[in-house]
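Down below is the structure, laid out as structure tokens.
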């Protein structure tokens, strides 16, 4: 009976340790990504996160962008830039932007004239190894 309880305690402690380590990796990637927002952009308050195990997997994030606003999308995986490919589509799945056409740039600045719902897809670059943690941040410029 005591051996069973001891095994259960070890399993629980191991699970907590693994989850804590995974959270620290994701937080490190998010901190790296936040540097690309600089002081010019204010975060929308969300961190769009996904675990991508290989270059064949794609994460999807849905958001609404408001007309008359200047935005920056910053995308990271790992501790260096260029590990994550992201593409922005409108609600009819028309491609608005992909960083793969710009050497996997870690961010993109743009102005929205009309409010739109959009889909952002993210996947690991086949040529670069990231952490497997995809983090996407959206910031906007404060209007004066």
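The values are calculated or read from the model by the stated rules, or taken from the named source; none is laboratory data. What you are looking at is a predicted structure, and each value in this text was computed from that prediction instead of being measured. With ideal geometry, Cβ positions are generated from the backbone for all residues, glycine too; neighbour counts draw on all protein chains shown.
Does residue 84 satisfy the criteria of being without any contact (Cβ under 8 Å) to a residue 12 or more places away in the chain and touching a strand residue (DSSP E or B) at 6+ places or on another chain (Cβ under 7 Å)? Spell out how you get there, then give the answer.
Values: without any contact (Cβ under 8 Å) to a residue 12 or more places away in the chain: no; touching a strand residue (DSSP E or B) at 6+ places or on another chain (Cβ under 7 Å): yes.
The answer is no for residue 84.
Against the condition assigned to a loop (DSSP other than H, G, I, E, B) and at positive phi, how does residue 104 come out, does it pass?
Against the criterion (assigned to a loop (DSSP other than H, G, I, E, B) and at positive phi), residue 104 qualifies.
Name every residue in the stretch 33-73 that is farther than 20 Å from residue 111 by Cα and assigned to a loop (DSSP other than H, G, I, E, B), in order of residue number.
47, 52, 53, 54, 55, 56, 57, 58
Determine, yes or no, whether residue 31 is over 18 Å from residue 140 (Cβ atoms) and in contact (Cβ under 8 Å) with a residue 12 or more places away in the chain.
Criteria not met by residue 31.
Tell me, which residue of the stretch 26-78 that is touching a helix residue (DSSP H, G or I) at 6+ places or on another chain (Cβ under 8 Å) and at pLDDT 85 or above is surrounded by the most Cβ atoms within 10 Å (Cβ to Cβ)? Break it down into steps so the answer makes sense when it comes.
In the first step, residues of the stretch 26-78 are kept if they are touching a helix residue (DSSP H, G or I) at 6+ places or on another chain (Cβ under 8 Å); the result is 43, 47, 49, 72, 74-78.
Subset that is at pLDDT 85 or above: 43, 47, 49, 72, 74-76.
On the way: 43: 14, 47: 16, 49: 17, 72: 20, 74: 27, 75: 27, 76: 30.
Result: 76.
Anything in the stretch 79-105 that is buried (at least 21 other Cβ atoms within 10 Å of the Cβ) and in contact with a helix residue (DSSP H, G or I) (Cβ under 7 Å, 6 or more places away or on another chain)? List them, or say none.
85, 86
Output the qualifying pairs, or none if there are none: Cβ atoms under 6 angstrom, residues six or more apart or on different chains, first residue in the stretch 130-142 and at positive phi and at pLDDT 90 or above, second residue surrounded by 23 or more Cβ atoms within 10 Å (Cβ to Cβ) and in a strand (DSSP E or B).
Qualifying pairs under 6 Å: none.
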